[in-house]
Each structure stands twice: as structure tokens, then as C-alpha cells.
Amino acid sequence: MDVLVHDALHWYRDLMDNKSDPRVKNFFLLSSPLPTLGLCIFYAYFSKSLGPRLMANRKPMDLRKVLVYYNAIQTIFSAWIFYEYLMSGWWGHYSFKCQPVDYSNSPMAMRMVNICWWYYISKFTEFFDTLFFILRKKNEHVSTLHVIHHGCMPFSVWMGLKFAPGGHSTFFALLNSFVHIVMYFYYMIAAMGPKYQKFIWWKKYLTTFQMVQFVAIFTHQFQLLFRDCDYPKGFMVWIGLHGVMFLFLFSDFYKAKYLNAQRRRREAIKANGHQSNGVHTNGKVKHLGSGDPQLTNGGHKGACMPVLEDEYVNSNGHVNAYQDGYFKEGVLSSNDAILNPDSSSSSLHQRKVK
């Protein structure tokens, strides 16, 4: 046993001291994987256990103004990260087919190292998405998908930053930061109130946009399986598998949210005409008929990108969330940001008509 422990410690020290990039040795949180791993584990524990228990006997907090500022800051932060990745190589210097890591101390190489560190830090700022859910007692939105998505990213980025800060796999961060510009901008506008929601008609495309991102990521990574490239194959496979995993999780969510819901709505309309069975005006329970299950507050778990609002449309086509009717997709409730402030949070989640 002593020999095994000694060998493990020797391997660990050799990995940290000799295999890692010396340029990041003194960067904050980069000397050891333990702080990052510990923060990720605590995040998962807080999200699923400690946080909800601490808020169990407390009133939900009203954080609408905080969410406006938070999403504005995240939008600007993501835009700056995207710009820096472009200027650090992806705008005309990097190859989309094969890009080795530049381990030199040249200005551009160090600029890439620095923005990789800031991208790593951004994965921690995204923890606030979950915190805001918990403080507002929206625990139904802190789904397993949500926690996996946010909880594993800091450690994954830490490994890339520690051993290969730059090169081929930073395409993942470039694309992801661009998606976050769109995502956080949407939530900022939604949080600003009903009169601004007409400007976010493109809401229904966001989940698809996120899924396209994952396809682009794993396609870009896995192309190195078929060509020689002086880039660590382990990181290429690791990032590529992230794209596959999140595409699978998001597509499963997309299928459950959109395709199955559309099928139930068609069945309900066919069975009952244009009338539905009893929408309660308190917004607590809504269902369409014999073909559609009850939808209760928190009945669906969510994912990272926003999804379509469900509004009721009566027989003459007018929208009314409190009268009998059928669901219409692709419309945004005029009181969404007021009655359902989840529209201003940036987590992977499902929204409900209240």
C-alpha cells in the first residue's frame, strides 16, 4: 500500500510540475485541481441539498432588478471573452482544421492564455444562475441537467487551461461565449418587462441554437481523428465527448418539451375540438383534456436555454392565459417577466404560464 501511495504521489507531482504549462503555474486556482474540484462538488451539494433546505422556511426573494443587472454584466462579459478569443488567434491566425497550442511567450500566445483563464472564471460566475433560482425558491428548475451542465464545466476548463491553454479546442470556448452573448442578452431583455418582450420574438430558436452549437463543437473536435495534428488527442476527445453528451441531454429535453407536447396538444384538440378541460384561473393547474396530462407548477424540469412560452388561445384565435383554449407555441406572454420572473434567469429551464 505504501508503494502504491508513493507511486501515485510521484505521478501526481510529475503531472503537475512537468506535464503542465509553466506559464499558468501562478495563476489563481491553477496550482492544484483540488480547489476547482471542491467548488464543483460544493456547487452540486448546495444546488440539490443545502440551498433548498436553507430556503425551506423562508420567503422567496424578489431579485428582478438584480437579474437585469446580472444578465447585462454576463452579456458584456461574454462579448468581451468572445472578442478576445477572436483577437488571440481565431480571427485569421488559427486554422479550423488543425491548430496546435502555441506554448511560447509571444504577445498573442499570452493573450490566449489570459483569455482562457477568464473563460475559466466565467464558469464560476454562471453558478449565480442556480443561486438565483434557489433564493427565489424555484427549485424545480434546478434539474439534474442544469446541475450537470454547470457543475462539470469549471473542472473541464481547468484541465484544458492547465495543460493546453490555446489551440484547437479553444474553438469550443469561442463558440460557447458567442452563444452566451445571445442567451444572456435574451434574459436581460425579458427581465426588463412586458413592453420589451416584443423584441425577443426569436426566443423559440434558442434551444435549437444551443443544440447546433454542440454539433459544431464535436464535429470540429473529432475531425482530428482523421488527420494528423500536433494537438493533444486526449483533450480533443474530452471536449468532443462534452459536445456529444450535452447534445444528447438537450435533444432529450427538446423531445420531451416540444415534440411530445405538440403531440398531446394535437390529440387534445382532436378529442375536444378547440375547448380544453378547465384551466384554473389561479394558474396552479392547467390541462388540455383527456390526451394531455396536468401541468403543474414545477411539473417539468428544464435545461440551459430558454424554451417556448405556452399561452392559451381561445376558439377565435385571441390569446388568453386564463380562459379555456388550446396551447399556441411561439408566442410570448405579455406578463411573462412580471408573473414568471424565470424569464430573466440564464439557466437551462422550463417556463410555465401562470
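Bear in mind these aren't lab numbers, they're just calculated from the coordinates by the rules spelled out. Remember, predicted model here, so these are calculated numbers, not experimental data. Quick reminder, even Gly has a Cβ in these numbers, built from the backbone with ideal geometry, and neighbours come from all protein chains shown.
Spacing of the modelled spin labels on His6 and Met110, each 7 Å from Cα toward Cβ, amounts to 4.2 nm. Each residue, Phe248 and Asp228, gets one label point 7 Å from its Cα in the Cβ direction; the gap between the two is 3.3 nm.
In loop segments of region 53-147 as defined by DSSP, the chymotrypsin sites (Phe, Trp or Tyr not before Pro) with at most 11 further C-beta atoms inside 10 Å of their C-beta are Trp91, Phe96.
Could you tell me which residue out of Asn57, Trp91, Leu135 lies farthest along the dipole of region 1-155 toward its positive end? Charges go on the beta carbon: Lys and Arg +1, Asp and Glu -1, centred on the Cα centre. About the Cα centre, the residue reaching furthest to the positive side is Asn57.
Only loop residues by DSSP count here, and only those with at most 14 other Cβ atoms within 10 Å; note down the trypsin sites (Lys or Arg not before Pro) in region 1-84 that meet that.
Taking region 1-84 and a limit of 14 other Cβ atoms within 10 Å, the loop trypsin sites (Lys or Arg not before Pro) found are Lys25, Arg58.
Annotation: extensible slack from Trp80 through Ala216 equals 46.8 nm (criterion: 0.36 nm per residue apart, minus Cα-Cα distance). Please report the spacing between the Cα centers of region 11-36 and region 194-246 in Å, no decimals. With region 11-36 and region 194-246 each reduced to a Cα centre, they are spaced 27 Å. Calculated FRET efficiency, Glu267 to Met87, Cβ-Cβ distance, R0 = 56 Å: about 0.60 to the nearest 0.05.
Checking the a/c ratio against 1.5 first, then a/b against b/c, what shape does the Cα gyration tensor give for region 39-256? It is prolate, given that a/c is not under 1.5 and a/b is the larger ratio.
Placing unit charges on the Cβ atoms only, positive for Lys and Arg and negative for Asp and Glu, gives region 1-128 a dipole magnitude near 680 debye about its Cα centre.
Label-to-label distance for Ser32 and Asn57 is 3.7 nm, based on points extended 7 Å past Cα in the beta-carbon direction.
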